[in-house]
Amino acid sequence: MKRVFLAVLIMLGAVTARAESVTVFAAASLKGALDEVVAGWGGEAQISYAGSSALARQIAAGAPADVFISANPEWVDWLEAEGVALERADLLSNALVLVAGADDPRVGLDQLKGQDRVAMALVEAVPAGIYGKTALESLALWEAVAPRVVQADNVRAALALVALGEAPLGIVYATDALAEPGVRVVAEFPAGSHPPIIYPVAALSEAGGPLMDYLQSPEAAEIFARHGFGLPE
């Protein structure tokens with residue numbers, strides 16, 4: 001009888017452990033900060049990082065994600081329009097910057113008027129690329145820059161092109177520049193040149209609810225702030 005009782009407890013423990021394990025789909029720009037936040041959560045989570053557009057399409061196609069963090073609200077809006085049930089909240093904010101190699105002395109957005117290649121995330125699909133294109137259009141720079149844009153699958157891939165010297169300039173988030181010692185900020189784009197950069201979080205299942213709550217806690221906010229993220233107004 002004791003053995004049966006022990007076996008039941010073990011099985012219940014396994015079920016509980018599985019219930020605490022959640023799958024998170026998150027924008028590539030959150031890598032590092034989100035790893036640290038989830039490590040302090042106490043539950044078990046598997047995190048997949050990629051461009052928000054790719055992740056949203058995977059979720060719409062039935063990928064078993066419990067939590068989705070997008071680098072802009074539009075992809076969460078799109079999931080809602082596709083009939084994906086979710087609970088959402090605005091989680092973080094960010095800024096858009098122009099970066100160059102760590103030893104590059106240039107300064108200012110005027111550097112975009114030269115002939116250098118510019119690394120960007122996909123300008124028609126990935127939030128960082130969309131924000132970047134909008135900012136360049138607002139500043140009347142897009143037509144001059146467009147022929148020199150090197151597009152990458154996500155913002156961290158664009159950042160890597162600059163850090164490795166494959167592209168002299170790149171348009172990324174301020175938090176990306178902070179996370180990569182191989183680059184330096186040349187200039188920050190005016191906030192009014194693009195829509196506010198907001199990261200919404202969405203719980204796609206009941207299992208994702210506890211982690212979503214923790215992501216909005218003061219403890220998580222402190223970690224995100226250390227990595228350069230702000231809070232939405």
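The values are calculated or read from the model by the stated rules, or taken from the named source; none is laboratory data. These numbers were taken from a predicted model, which means no experiment stands behind them. Note that we place each Cβ from the backbone using ideal geometry, even for glycine, and neighbour counts take in every protein chain shown. Note: accessible area is taken over every heavy atom of the protein model, side chains too, but ligands, DNA and RNA are not part of it. Shrake-Rupley method; radii C 1.70, N 1.55, O 1.52, S 1.80 Å.
Within the stretch 215-233, take every residue that is open to solvent by less than 20 Å² (accessible area, probe 1.4 Å) and in contact with a strand residue (DSSP E or B) (Cβ under 7 Å, 6 or more places away or on another chain) and give me the one that is nearest to I69 (Cα to Cα).
L215
Find the residue count for the stretch 109-135, including only residues that are surrounded by fewer than 20 Cβ atoms within 10 Å (Cβ to Cβ) and touching a His at 6+ places or on another chain (Cβ under 7 Å).
Counting residues in the stretch 109-135 that are surrounded by fewer than 20 Cβ atoms within 10 Å (Cβ to Cβ) and touching a His at 6+ places or on another chain (Cβ under 7 Å) gives 1.
When W75 is evaluated against the numbered criteria (1) without any contact (Cβ under 8 Å) to a residue 60 or more places away in the chain; (2) open to solvent by 40 Å² or more (accessible area, probe 1.4 Å); (3) not charged (D, E, K, R), which criterion, by number, is the only one it fails?
Failing condition for W75: (2).
Considering the stretch 116-154 alone, what residues qualify as being modelled with pLDDT under 95 and more than 19 Å from D176 (Cβ to Cβ)?
none
Does S138 qualify as being of a type in the set (S, T, N, Q) and either buried (at least 23 other Cβ atoms within 10 Å of the Cβ) or in contact with a helix residue (DSSP H, G or I) (Cβ under 8 Å, 6 or more places away or on another chain) (or both)?
yes
Just give me the residues in the stretch 105-127 being under 17 Å from E74 (Cβ atoms) and among the hydrophobic types (A, V, I, L, M, F, W, C), in sequence order.
Across the stretch 105-127, the qualifying residues are A121, L122, V123, A125, V126.
How many of the residues in the stretch 194-214 are open to solvent by less than 10 Å² (accessible area, probe 1.4 Å) and either over 18 Å from L91 (Cβ atoms) or outside any strand (DSSP E or B) (or both)?
Number satisfying all stated conditions: 3.
If you check P147 against the conditions, is it open to solvent by 60 Å² or more (accessible area, probe 1.4 Å), assigned to a loop (DSSP other than H, G, I, E, B) and more than 23 Å from L55 (Cα to Cα)?
Taking the combined requirement at face value, the residue does not satisfy it.
Of all residues in the stretch 33-50, count the ones that are open to solvent by 30 Å² or more (accessible area, probe 1.4 Å), within 22 Å of A128 (Cα to Cα) and small (G, A, S).
Qualifying residue count for the region: 1.
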